[in-house]
Amino acid sequence: MAVAWLEDVRSTDVDGVGGKAASLGELTAAGLPVPSGFVVTAGTYREFIEDAGIDEELFSAVDVDHEDTDALREAHEHAHELIMETPVPDGVREGILSAYRSLGDGERFVAVRSSATAEDLPDASFAGQQETFLNVQGDALVERVKECWASLFSQRAIYYRNRQGFPHADVDIAVVVQEMVPAEKSGVLFTSHPSTGDPRIIIEAAWGLGEAVVSGSVSPDNYVVDKESGEAETITVADKKVMMLKDEETGETVERAVPDEKRSKRVLGDDEIAELADLGRQVEDHYGAPQDVEWAVYDGDIYMLQSRPITTITDDDGIDVEVDSDGAETAANGGDGGDTEASGSGDVLFRGLGSSPGIASGQARIITKLDHLDQVGDGDIIVTEMTMPDMVPAMKRAAGIVTDEGGMTSHAAIISRELGVPAVVGTGSATLELEDGQPVTIDGDKGTVREGAEPEEETSEPIKDAQPTTPVKPMTATEVKVNVSIPEAAERAAATGADGVGLLRTEHMVLSLGKTPSRYIAENGERAYVDELVDGIRTAAEEFYPRPVRVRTLDAPTDEFRQLEGGDDEPREHNPMLGYRGIRRSLDNPDLFAHELKAFQRIFEMGYDNVEIMFPLVNDASDVARARNLLEAAGVDPEKRKWGVMIETPASALGVESMAEEGIDFVSFGTNDLTQYTLAVDRNNERVADQFDELHPAVLKLIGDTIETCREHGVETSICGQAASKSRMVQFLVEEGVSSISANIDAVRDVQHEVKRVEQRLILDSVR
């Protein structure tokens, strides 16, 4: 069967219909207002390329260096030509057209959307990677389906899959065909803030079809909505210059100027905002996770067009959304943006919407054509009319992004957040007001573009954001430490008043080199590699001294190493998280591991006795013994220095007694891995992600039993996984007698208060 009807599709069918179609089927089953339609299955696409004998040539054509723009372009052109010049079998053509004729009166205009099997997943959105066609009618449908198939090999799709570690041959594509909603107004809503996770609904709206919003060709209105009441807290009315609609004569989707009376008029009324908020809550409740939803309004009715998980919410270092409690309306596109003071000393040239957080300085690189992307060098600021998805390879090189048009929910903005590139969108006139090569500083939180480049130390993360709002630190018997992802965040982490660092990751120090350790050493020497590690560790050790800083040795999976220079020889693993990583990689490469341990020996020689060493992904005492031997060989005395292991597998939890006998001083729970290995649940697999539960009785028993065993052997216990920031986990750990809890930067003070509350309750219970 070439097609399947949406009403018959569920989330378990993602392999056959792709993420988008599976989501639409779920929304339909939940009784939400979804336009009727069908999906040309992924199996139909696979049969098409295999029966025609073009599959091997396709996959060979796109096996290129994804950082080479010319190679990407040639790969796309070759793949597109292969698919478009190959005829569709008569049986497949008739199956598609027969289903189309069953919609309405058989001559309906339809929307044709790609639905790749690696799209709209919880850990990677793949947003905007394939094509969408609107107002399609009649026999043209089959050619549009082929265009969707071909878009699986667009430049941006090839690049994105390579970067995310998805093999091209493992990804298929289905195509959704739905009755077209002739939208009078449309847009996108996030059920939580897409950067910070703040529990407010963010709605962006524009006139006409929603493609103008998601493509970034228009700056939409922005509404920040209270999740419970459905009332708008802030309303930003944009100058909406263009809209997309159906040409009544040709039936084609065209771009038209917005009538003057509508350009600065609110798109949504209060009732529509409340109804959208309610639908957003229903979608989030159905999936059990924050969602990115596309919607449209026609003749007073709201339709849900798509829903995908939000993949860009960070657990650390989030910055609260600033809202006007009076719900005042503010102007976008060059308006004064209120009286919020921009950080830095340069004059504010103009304002837009901050779509991806962070501050970046560099030379403005004005991009008016995709052919100009090769001009973007490392550290440049891309300035363009809108953030087109094809810009992803250049965005990876750039320090920041500035656009004339677009909103914070555009697909390209989503990708900029995933890449961690600061972005300011919807400035109105950046491409006209800035000169190519002009030094600028952008603030992706406040949405400002300032004159001049600022010194690096001035563009680092604001410290005051991490300082507790309550002046007195709660006194607790259980230590509350902080997780630090990169050394550059150490100053901000120290400002929290934490008792030390429970986790400092070395992999970020290594990955930032842009080369595998072997390649870096070959080109720069062993000393240079050790120096890089020493500098990173020293930054945190100095900031926290004499408070302890627990440093985890290298724990990067193979797919991350493959993205680096020299990574071609890395193995391709189906599930890198279960593969060649952590202590098993280190023990397999003792000579390379010795350089890493040498960095610790240098640190101790420099007087930083507050540094502790932690080995990741150990399974048993033999792993510990071998690691200890290598530690001694590097000149570090395990009897004089504090060292320990991560508890991330059931094997390590069950074998902790024998590991304690090897002389470890502490263990630290990595709850993400421990949970998924205990429950056999891949938290990045949307079919089972709802079963990922750090508070599952089996997980808690492993943690509780480990704490008890360690207490009997004089071994400290800690937790550094994300669950440490959850109040229920904190309560359980304190009751079990954990030695310390390491929380995300923004959660330290909350965890301190929660620990104090639980400890006081336990004291009261003991005397009652």
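Every number here is computed from the coordinates shown, using simple stated rules; none is lab data. Predicted model only: the values in this text are computed from it and were never measured. As a convention, Cβ positions derive from the backbone with ideal geometry for all residues, glycine included, and neighbour counts pool all protein chains shown.
Could you tally the net charge around ALA183, taking each other residue with its Cβ under 11 Å from the Cβ of ALA183, Lys/Arg +1 and Asp/Glu -1?
-3
Of the listed peptides 650-661, 732-743, 584-595, what is their order by residue-averaged count of other C-beta atoms within 10 Å, with the highest listed first?
In descending order of packing, they fall as 732-743, 650-661, 584-595.
What does a probe at GLU523 reach in region 346-370, counting residues whose amide N is under 19 Å from the point 7 Å along Cα→Cβ?
Flagged as within label range: none.
Set the Förster distance to 60 Å, then compute FRET efficiency between GLU81 and PHE604 from the Cβ-Cβ distance, nearest 0.05.
0.50
Kindly rank 358-368, 85-95, 700-710 from highest to lowest mean number of other beta carbons found within 10 Å of each residue.
Top of the packing list down: 358-368, 700-710, 85-95.
Provide the FRET efficiency to the nearest 0.05 for the GLU712-LYS640 pair, computing r from the beta carbons and using R0 = 25 Å.
With a Förster radius of 25 Å, E is 0.55.
Under the rule a/c < 1.5 gives rounded, and otherwise a/b versus b/c splits prolate from oblate, where does region 225-296 land using the Cα gyration tensor?
oblate
Modelled label-to-label distance, ASP620 and ASP8, 7 Å Cα→beta-carbon offset: nm?
Distance between the two pseudo-spin positions: 5.1 nm.
In whole angstrom, note down how far apart the Cα centers of region 252-296 and region 1-50 are.
If we compute the Cα centre of each part, the gap is 24 Å.
For ARG397 and HIS508, compute 0.36 nm times the residue count separating them, minus their Cα-Cα distance, and round to one decimal in nm.
38.2 nm
If I model a spin label as a point 7 Å beyond the Cα along the Cα-Cβ vector, how far apart are those points for GLU488 and SER60 in nm?
4.3 nm
Quick check on packing: order 71-77, 27-33 by the mean number of other C-beta atoms within 10 Å, highest mean leading.
Sorting 71-77, 27-33 by mean packing, highest first, produces 71-77, 27-33.
So for region 3-179, considering every pair of alpha-carbon atoms, how many percent are separated by more than 21 Å?
46 percent
Given the Cα-Cα distance of GLU255 and LEU654 and 0.36 nm per residue of separation, how much length would full extension add, in nm?
Stretched fully, the GLU255-LEU654 segment lengthens by 137.3 nm.
Report the FRET efficiency, 1/(1 + (r/R0)^6), for ASP705 and LYS265, where r is their Cβ-Cβ distance and R0 is 56 Å, rounded to 0.05.
For ASP705 and LYS265, the calculated efficiency is 0.35.
Grab the other residues whose beta carbon is less than 10 angstrom from that of VAL734, score K and R as +1, D and E as -1, and report the net.
-1
Taking 0.36 nm per residue of sequence separation and subtracting the Cα-Cα distance, how much length would be gained by fully extending the chain between LEU578 and ASP68, in nm to one decimal?
Once the chain is fully extended between LEU578 and ASP68, it gains 180.6 nm.
Count of lysine pairs in region 479-767 with Cα atoms under 29 Å apart, counting only pairs 8 or more residues apart in sequence or on different chains?
Going through region 479-767 pair by pair, I get 15.
If you average the alpha carbon positions of region 585-663 and of region 543-580, how far apart do those two centres end up, in angstrom?
That distance is 16 Å.
Treat each spin label as a single point 7 Å out from the Cα along the C-beta direction, and report the ARG281 to MET475 distance in nm.
Placing both labels 7 Å along Cα→Cβ, they lie 4.4 nm apart.
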